[in-house]
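FYI, it's all coordinate maths here, none of it is from the lab. All of these numbers come straight from a predicted model, not from anything done at the bench. Don't worry about glycine lacking a Cβ; one is built from the backbone with ideal geometry, like all the others, and counts go over all protein chains shown.
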Amino acid sequence: MPRPVAEQVVVIVGASTGIGRATAMAFAAKGARVVCASRGTLALETLAQQIRRDGGDALPVPTDVADAAAVRSLALAAQQHYGRIDTWVNTAAVGVWGRIEDITDEEFDRVMRVNFLGHVHGVHAALPALRRAGGTLIGISSAEGVRAVPLQAPYAASKFAVRAFYDSLRMELAQDGVPVTVTTILPASMDTPFFEHARSKLGTMVKPPPPVYRPEVVAASIVYASTHPRREIPVGGSAVVFLIGQRLCPALFDALLSVRHLGVRGQRTDRPDDGLDNVDRPMDGTGRVRGRHPGWVLRHSAFTRLVGRRRRPGELLTAAVRDLHRRRSPGETLTAAIRDLRQRRDLRRRPRRRPGELLTGAILSLRRRSRPSTPSSVLPSVLPSVQPSVQPSVQPSVQPSVQPSVQPSPQPSVQPSPQPSVQPSAQPSPEPIAGVR
C-alpha cells in the first residue's frame, strides 16, 4: 500500500518547466518532500525557492537524463538527503517538428536519447531503492504514444517506445512479486513551454493541436497515481479519442490527418521561428509552468476524473498475480516444497523423535487443551507418562526443572494417571520449536 502523499519522497525528472514543474509544486503543496531534477540550474533554483517559500521541502539536483551516471547520482542524492524514494516520475522530453526527410539522423538520435533512454536511465536508477521498500514508477508518455501524427515522427516514435517499455517493466515486476507499481500517463495537448522550446523545421513556431489543457490537469493525475496506481491514465478527452480511434479505425485516422488543414495547419502558429530550442542544451530563464497558447485552454478534464482514472478489471488481475508471486518468492517456493516433501515422508514413516521433543510436545499439547484457569498442579500428572521415554542422556537436564513440582497432591482430580491424549505413541508430530530439533 503506497504511503500518503504527505509522507512520500518524490523524485521528479524534468522539473524545470511545464508538466514537471507543475507536478513538483502539486506534490509539495500536499506535503511531499520533492527532489527536482533537470538540466536548467536557474529554473531548478527558482522552483526550489518557490516551494520553500510556500512551506514545502525541495532539493534541486541538476541532471541530464541522457547521462546514465548523472541519473544514478540523482537517485543517490535523494536517498542520502531523505533516506529513501517512494515515487519516481519521469517527465523530461524534447521535440523536433518537421518532415522526416528534413530531420537529421543526429536529431532523431538526440530525441530518442532524452525521451526514451532518459526513462530507461531513470528506471535503472530508481528500481534498487524502490525494491527495498516498495513504491511507484510514473512515466509520462503521450497520446501520441498511441496514435502518431505527421510532422512529429521523432517525438511520436519515442513515446511509442516509452509506452512499450513500461508495459514490459510492469509485467516483469509482477512476475517477481515486487511491490513496485508502474503507471503510464498519456496526456493530450497541454499548454506548456514545450512547444516554444521545440526545434522547428517548418519556418514558424509550433503549437499544440486543440483541444488544449492546462498542465495542472496532468500534474493532478500524477499525484493521484502516486497513491492510486493505475496501468494507464489518459489525460484529456482527445487522448481517449486517440485510443479508441487507433483501436477501431486506424486507417480512417490516417486519412483525416493526411488532410493538410487538420494534420499540418493545426500545429503551426503565425509567429516566425526564433531559432531557439532546448534539444541540445537547456533554455535560459527561471522556468514556468504554462506556455503562451493563443487559443482556448481548458482548466479541467471531467472525463479524466470520472473515467480515465478508473481501475480496469485486468489491472485487478495483474495485482492479484503480483501479490501471489510476492507471497511465494523463489526462495519461499523452494522452502515450501522441501517442507511438503518432509511432511509426506513423515506420513509414510514416523521418524524416531528425541526425548526432549516428546517432553516439550506433551507440555505444549496439554497447555493448548487446558483452560487458562487450569491449575499448574496438573503438570505432575503428565510427567509420569512421559518419564519413561526420557533417555539417560537428557535425564539430568530435565530432572532439576521438574523435581520441585512433582509433589504429592491430596486432590483426587490430579492423581497421577496416564492420559491417552498425551501418550507419545498417539501424539501427532509437534510443531517445530525454536532451539529444539
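Arrange Cys36, Cys249 by Cβ neighbour counts within 10 Å, fewest through most, would you?
Least to most surrounded, the residues fall as Cys249, Cys36.
Given the Cα-Cα distance of Asp270 and Gln175 and 0.36 nm per residue of separation, how much length would full extension add, in nm?
Difference between extended and current length: 29.1 nm.
Tell me the Kirkwood radius of region 221-289: reciprocal of the mean inverse pair distance over distinct alpha-carbon atoms, in Å.
For region 221-289, the Kirkwood estimate is 16.2 Å.
With the crude spin-label approximation of a point 7 Å out along Cα→Cβ, what separation in nm comes out for Glu101 versus Arg311?
5.2
In nm, to one decimal, how far is the Ala77 label point from the Leu324 one, both placed 7 Å along Cα→Cβ?
Taking the simple label geometry, Ala77 and Leu324 are separated by 4.3 nm.
Measuring from label point to label point, each 7 Å out along Cα→Cβ, what is the Asp284 to Leu364 span in nm?
Modelled inter-label distance: 7.6 nm.
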